[in-house]
2 protein chains.
Amino acid sequence: MGRTSDARQKILGAARSLIEGRGYSALGVAEICKAAGVPKGSFYYFFESKEALALAVVDEHWAVQRRDWEGALGGDAAPLQRLRGLLEQTEAGQRAVQDDCGTVSGCLFGNLTLELSNQTEPVRGRLQEIFDAQVDMVEAVVAEARDSGEVTVGDTREAARAVVAQIEGQVMFAKLYNSTRHLSPLWDNCRALLGVTAS
Amino acid sequence: MGRTSDARQKILGAARSLIEGRGYSALGVAEICKAAGVPKGSFYYFFESKEALALAVVDEHWAVQRRDWEGALGGDAAPLQRLRGLLEQTEAGQRAVQDDCGTVSGCLFGNLTLELSNQTEPVRGRLQEIFDAQVDMVEAVVAEARDSGEVTVGDTREAARAVVAQIEGQVMFAKLYNSTRHLSPLWDNCRALLGVTAS
C-alpha cells in the first residue's frame, strides 16, 4: 500500500508541475509517467482518464489552498486585516514559486479555467465550485467589515466577486510580466472596490 | 496573389477559431490546415512555425480590437462615459460570441497569456505590448477624468492597470460560468477602483 500510494502521489506531483509549466492539453500520459518515474501501465490503475487526473490535481491543490485561505481569513484580527493577510499571502506564494523555479506560475485554477472551461464540463464544474468557495470566504469577511462600518459596499456578493476577479487579473499580469510587483497594489485596489471608510 | 492571400487568411481564421476553442498547445499544423481547407504543404509557405502563426493570430485580433478600443475611448463624450462605453462593448462582444457559438470564449489575449507566457518568449513579449497599450489607453481617459475632477485616484497608471485586471478577471468568470452576467458589474467596480466622485 505504501508503494501504491507513493506512485499515485508521484503522478499527481509530476502532473501538477507539468500543467503549471505547459498547460494540460498538450500533455500526454506517457510524458507524465516518465516525469513521475512510474511505469506507464500504472497510470490507469490510479486514474481512469487524463481528465480524472486533472480533477485530482485540482482537488489536491484546492485542499492545500483552502487551508491557506481559511488560515488567512479566519482568526481574531479585524476583518479587513485578515483580507489584507490573504493578499499578502498570495503575493508571497507567487514570489516563492518564482524564487524556486524562475517564473511566476500564476493561479492553477485561473490557468485551467481559461484553458479547459469550454473543453471538459467536469473540470469546469469543479473550478466553478472552487471559485464559488473563494467568493464565499471573501464575502463572509466583507459582510463582517460592513457590519462593523469599515466598508460601505452595498452588495457583498458582487464586492467579493470583484475582489477575487482583481486577484485573478493581477496574478495574470504577474505571470505575463514574470514579476510579482503587480501584486503589490492588490490591497489598495481591494480597499477601493470595497469602499473602505478608514484610512 | 488573390488566392495566396486567401489561403493565408483561411489558415489564420481556422487557427483563431481552434485556439479560442481548445487553446494553442494541443493544436497541430495538420489539424489547422484541415480546418482551413488548405493543403498542409502550404502552411510553411505562409508561416515559418506554429509560433509565427500564433503571433499572426494575436496581431490580427489586436488590429481589430485596438480599433474597437480606440473607437470607444476616443470621441467627444465625457471621459468616464467613454470608459463605460468600452465596458459595455466588451460585454456585448462576449455575448455576441456566446449567441453565435454557444459558449463565452473569453479574452484571446488573457487565454494565451495564461497558456503561453512561460513557454514562448516572443508570444509573451507581444502580449505584454498589447496589455501595455490597453493600459495606456485606459490611463489616458482616467487622467482626463482626474483633470476634470471626476475621479479622485492618485496613481493613474496603477488605476488603469486595476481596471484592465478587473476586466480580465470578470471575463474569466464569464467564460468559467458561460454567462455574460459577470460583466454587468464591471462599470460599478471600475467606478469604485477609480474613486468616482459623482453619483
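The values are calculated or read from the model by the stated rules, or taken from the named source; none is laboratory data. For clarity, every value in this text was computed on a predicted model and none was experimentally measured. In this analysis, Cβ positions are derived from the backbone assuming ideal geometry, glycine residues included, and neighbour counts consider all displayed protein chains.
Consider region A:157-199. How many of its residues are among the polar types (S, T, N, Q) and surrounded by fewer than 24 Cβ atoms within 10 Å (Cβ to Cβ)? The number of residues fulfilling the criteria is 6. Residues that are basic (Lys, Arg) and either farther than 24 Å from residue B:179 by Cβ or not assigned by TED's automatic domain parsing to the domain that holds residue A:73 (or both) do not occur anywhere in region A:118-127.
The requirement of being over 26 Å from residue A:116 (Cα atoms) and either small (Gly, Ala, Ser) or touching a Pro at 6+ places or on another chain (Cβ under 7 Å) (or both) is satisfied by residue B:72.
Residues in region B:162-185 that are touching a helix residue (DSSP H, G or I) at 6+ places or on another chain (Cβ under 6 Å) and more than 8 Å from chain A (Cβ to nearest Cβ) were compared, and the one that is farthest from residue A:165 (Cα to Cα) is B:180.
Reported count of residues in region B:132-161, each being away from chain A (no Cβ under 12 Å) and either of a type in the set (A, V, I, L, M) or not in a helix (DSSP H, G or I) (or both), is 11. Selection over region B:165-191 of residues that are under 21 Å from residue A:112 (Cβ atoms) and among the aromatic types (Phe, Trp, Tyr) gives a count of 2.
Out of all the residues in region A:120-131, is one or more assigned to a helix (DSSP H, G or I) and farther than 27 Å from residue A:25 by Cβ? No: region A:120-131 contains no residue that is assigned to a helix (DSSP H, G or I) and farther than 27 Å from residue A:25 by Cβ. For region A:99-115, the criterion of a residue being modelled with pLDDT of 95 or more, among the polar types (S, T, N, Q) and under 19 Å from the mean Cα position of the chain (by Cα) is satisfied by no position. Looking only at region B:162-185, decide whether some residue is free of Cβ contacts under 8 Å to residues at least 60 places away in the same chain, among the acidic types (Asp, Glu), in a helix (DSSP H, G or I) and not assigned by TED's automatic domain parsing to the domain that holds residue B:18. No, region B:162-185 contains no residue that is free of Cβ contacts under 8 Å to residues at least 60 places away in the same chain, among the acidic types (Asp, Glu), in a helix (DSSP H, G or I) and not assigned by TED's automatic domain parsing to the domain that holds residue B:18. Within region B:46-69, is there a residue that is over 26 Å from residue B:133 (Cα atoms) and in contact with a helix residue (DSSP H, G or I) (Cβ under 7 Å, 6 or more places away or on another chain)? The answer is yes, given that some residue of region B:46-69 is over 26 Å from residue B:133 (Cα atoms) and in contact with a helix residue (DSSP H, G or I) (Cβ under 7 Å, 6 or more places away or on another chain). Of all residues in region A:100-123, those that are surrounded by fewer than 20 Cβ atoms within 10 Å (Cβ to Cβ) and facing another protein chain (nearest Cβ under 7 Å) total 2.
Going through (1) buried (at least 21 other Cβ atoms within 10 Å of the Cβ); (2) more than 10 Å from chain A (Cβ to nearest Cβ) one by one, residue B:129 falls short only on (1).
Just the residues that are assigned to a helix (DSSP H, G or I) and of a type in the set (S, T, N, Q), please, taken from region B:105-119. Matches in region B:105-119: B:111, B:113. Please count how many residues of region A:62-98 are farther than 17 Å from residue A:142 by Cβ, of a type outside the set (Phe, Trp, Tyr) and under 16 Å from the mean Cα position of the chain (by Cα). Here the count works out to 17.
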